[in-house]
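Colleague: My questions will all concern the structure given below.
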Amino acid sequence: MLRVTKLTDYATVVMTVLAARPGEVLSAPELAEQAGLEAPTVAKVLKPLAAAGLVAGFRGANGGYRLARAAAEINLVEIVEAMEGPLAMTECSVHDGQCGIEASCGVRANWRRINDVVADALRGVSLAQMLGPAPRPSRKGIALQLANA
């Protein structure tokens with residue numbers, strides 16, 4: 001099963017709390033309370049989010065965190081990559097030279113295409129959209145044409 005880590009999921013929850021209060025500076029304990037998470041967990045996710053430029057941190061008595069950009073300008077692939085590094089369905093879908101059968105592999109090109117589809121899907125969902133109700137599921141699937149081996 002493919003899934004994001006718990007920390008990435010929690011990072012998205014923290015980011016939606018910040019997105020719901022645009023421009024406000026919230027302390028880590030306030031974020032933890034509103035997100036329903038433990039304070040150490042929130043502190044742990046804030047570091048990579050700040051390093052990626054997704055949240056801005058402020059020191060001092062009134063310090064805390066706020067979104068570095070508008071929620072509509074932040075997409076899910078940015079959050080995932082801030083927490084987990086480059087999105088990769090397989091090692092070879094991002095980095096060359098990671099597999100002993102790379103030169104003769106018949107599925108590598110297709111994994112790269114699938115990787116691109118997933119990245120594009122995450123890129124197409126903004127943090128602002130995560131605040132709203134989930135869209136109704138459509139009957140159409142993701143268009144993907146695989147390469148011939």
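The values are calculated or read from the model by the stated rules, or taken from the named source; none is laboratory data. Given the structure is predicted, the values throughout are model-derived calculations rather than measurements. Positions of Cβ are generated from backbone atoms using ideal geometry, with glycine treated the same way; all protein chains shown enter the neighbour counts. Each accessible area value is taken on the protein alone, full model and side chains, heavy atoms only, with ligands, DNA and RNA left out. Shrake-Rupley method; radii C 1.70, N 1.55, O 1.52, S 1.80 Å.
Colleague: Looking at P48, P29 in this structure, which one is assigned to a helix (DSSP H, G or I), over 19 Å from the mean Cα position of the chain (by Cα) and free of Cβ contacts under 8 Å to residues at least 40 places away in the same chain?
Modeller: P29
Colleague: Let me ask another. So, in the range 87-101, exactly how many residues are in a loop (DSSP other than H, G, I, E, B) and touching a helix residue (DSSP H, G or I) at 6+ places or on another chain (Cβ under 8 Å)? Before the answer, list the steps.
Modeller: In the first step, residues of the range 87-101 are kept if they are in a loop (DSSP other than H, G, I, E, B); the result is 87-90, 94-101.
So of that shortlist, the ones also touching a helix residue (DSSP H, G or I) at 6+ places or on another chain (Cβ under 8 Å) come out as 87-90, 94, 96, 98-99.
Residues that pass the stated criteria total 8.
Colleague: Could you please tell me which pairs satisfy a Cβ distance under 8 Å, a separation of 6+ or placement on different chains, a first residue in the range 1-25 that is in a helix (DSSP H, G or I), and a second residue that is surrounded by fewer than 13 Cβ atoms within 10 Å (Cβ to Cβ) and modelled with pLDDT of 95 or more?
Modeller: Listed by first residue and then by second, the contacts come to V13/G36.
Colleague: Shifting gears a bit: Would you mind telling me which numbered condition in (1) open to solvent by less than 20 Å² (accessible area, probe 1.4 Å); (2) in contact with a helix residue (DSSP H, G or I) (Cβ under 8 Å, 6 or more places away or on another chain) Y65 fails?
Modeller: (1)
Colleague: Test G57 against the stated conditions and say whether it is over 21 Å from M130 (Cα atoms) and in a strand (DSSP E or B).
Modeller: Values: over 21 Å from M130 (Cα atoms): yes; in a strand (DSSP E or B): yes.
For G57, the condition - over 21 Å from M130 (Cα atoms) and in a strand (DSSP E or B) - is met.
Colleague: Here is a follow-up. I'm trying to understand the selection: among the residues of the range 32-45, which are surrounded by 14 or more Cβ atoms within 10 Å (Cβ to Cβ) and either among the aromatic types (F, W, Y) or without any contact (Cβ under 8 Å) to a residue 12 or more places away in the chain (or both)?
Modeller: Across the range 32-45, the qualifying residues are A32, E33, A39.
Colleague: Among the candidates A109, A88, which residue alone is of a type in the set (G, A, S), modelled with pLDDT of 80 or more and within 13 Å of the chain's Cα centre (by Cα)? Before the answer, list the steps.
Modeller: Working: A109 fails: within 13 Å of the chain's Cα centre (by Cα).
Answer to the check: A88.
Colleague: Confirm whether E78 is modelled with pLDDT of 95 or more, over 19 Å from M130 (Cβ atoms) and either of a type in the set (D, E) or buried (at least 18 other Cβ atoms within 10 Å of the Cβ) (or both).
Modeller: Details: modelled with pLDDT of 95 or more: yes; over 19 Å from M130 (Cβ atoms): no; either of a type in the set (D, E) or buried (at least 18 other Cβ atoms within 10 Å of the Cβ) (or both): yes.
Criteria not met by E78.
Colleague: So how many residues does the range 102-129 have that are part of a loop (DSSP other than H, G, I, E, B) and within 24 Å of L76 (Cα to Cα)? Step through it out loud before you land on a result.
Modeller: The initial filter retains those residues of the range 102-129 that are part of a loop (DSSP other than H, G, I, E, B), namely 105-107, 124-125.
Narrowing the set further to residues that are within 24 Å of L76 (Cα to Cα) leaves 124-125.
Count: 2.
Colleague: Only residues that are in contact with a helix residue (DSSP H, G or I) (Cβ under 7 Å, 6 or more places away or on another chain), open to solvent by 50 Å² or more (accessible area, probe 1.4 Å) and of a type in the set (A, V, I, L, M, F, W, C): list them for the range 106-135, please.
Modeller: Within the range 106-135, W111, M130, L131 qualify.
Colleague: In the set E33, E84, which member is of a type in the set (D, E, K, R) and in contact with a helix residue (DSSP H, G or I) (Cβ under 7 Å, 6 or more places away or on another chain)? So that I can check it myself, show each step before the final result.
Modeller: Numbers: E33 fails: in contact with a helix residue (DSSP H, G or I) (Cβ under 7 Å, 6 or more places away or on another chain).
So the residue among E33, E84 that is of a type in the set (D, E, K, R) and in contact with a helix residue (DSSP H, G or I) (Cβ under 7 Å, 6 or more places away or on another chain) is E84.
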